[in-house]
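> One structure is given below, represented as structure tokens, and several questions about it will come after.
What follows is calculated from the coordinates using simple rules that are stated; it is not laboratory data. All values reported here derive from a predicted model rather than from experimental measurement. Every residue, glycine as well, gets a Cβ built from its backbone with ideal geometry; the counts of neighbours run over all protein chains shown.
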Amino acid sequence: MLKTLTFTIMHFCIAFGVAYVLTGSIAVSGLVAAVEPLCNSVGFYFHEKIWARLEAKKRASSIPKHAWLHHQA
């Protein structure tokens with residue numbers, strides 16, 4: 001849990017720092033640092049769903065057809 005907390009703080013600080021360098025605005029940087037991790041979390045959710053689907057297809061295609069047909073009977 002401590003590792004997750006420190007990673008979250010680091011992520012916030014990097015997002016804030018990059019946004020501040022680009023904009024010079026503390027308000028915009030704070031907003032970016034707050035919104036960006038939320039967007040990444042949503043993106044990661046869908047990324048994982050897509051990868052799970054691709055891995056399932058890969059597993060299904062690795063089963064020999066005769067074994068699959070026998071398994072379905």
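> Tell me what the chain gives for mean residue ellipticity at 222 nm when only DSSP H runs of n ≥ 4 count, each as -39,500 (n - 2.57), the sum divided by the residue total, rounded to 500 deg cm²/dmol.
-32000 deg cm²/dmol
> Which of 34, 19, 60 ends up with the largest GNM mean-square fluctuation for the chain, with Cα atoms connected below 10 Å?
60
> Further question on the same structure: Would you please calculate the Kirkwood hydrodynamic radius of the chain over all C-alpha pairs and express it in Å, rounded to one decimal?
Working: mean 1/r = 0.0642 Å⁻¹.
About 15.6 Å, per the Kirkwood formula over Cα pairs.
> Just how large is the dipole of the chain about the Cα centre, in debye to the nearest 20, putting +1 at every Lys and Arg Cβ and -1 at every Asp and Glu Cβ?
Taking the Cα centre of the chain as origin, the dipole is about 480 debye.
> Then there is this: Based solely on C-alpha atoms, express the radius of gyration and the Dmax of the range 20-60 in angstrom.
Over the range 20-60's Cα set, Rg and Dmax evaluate to 16.6, 52 Å.
> So, counting K/R as plus one and D/E as minus one, what does the shell of residues with Cβ under 15 Å around residue 55 add up to?
+4
> Also, quick follow-up: Rank 2, 61, 13 by how far each Cα sits towards the positive end of the charge dipole of the chain (+1 on Lys, Arg Cβ; -1 on Asp, Glu Cβ) and give me just the farthest.
Highest projection toward the positive end goes to 61.
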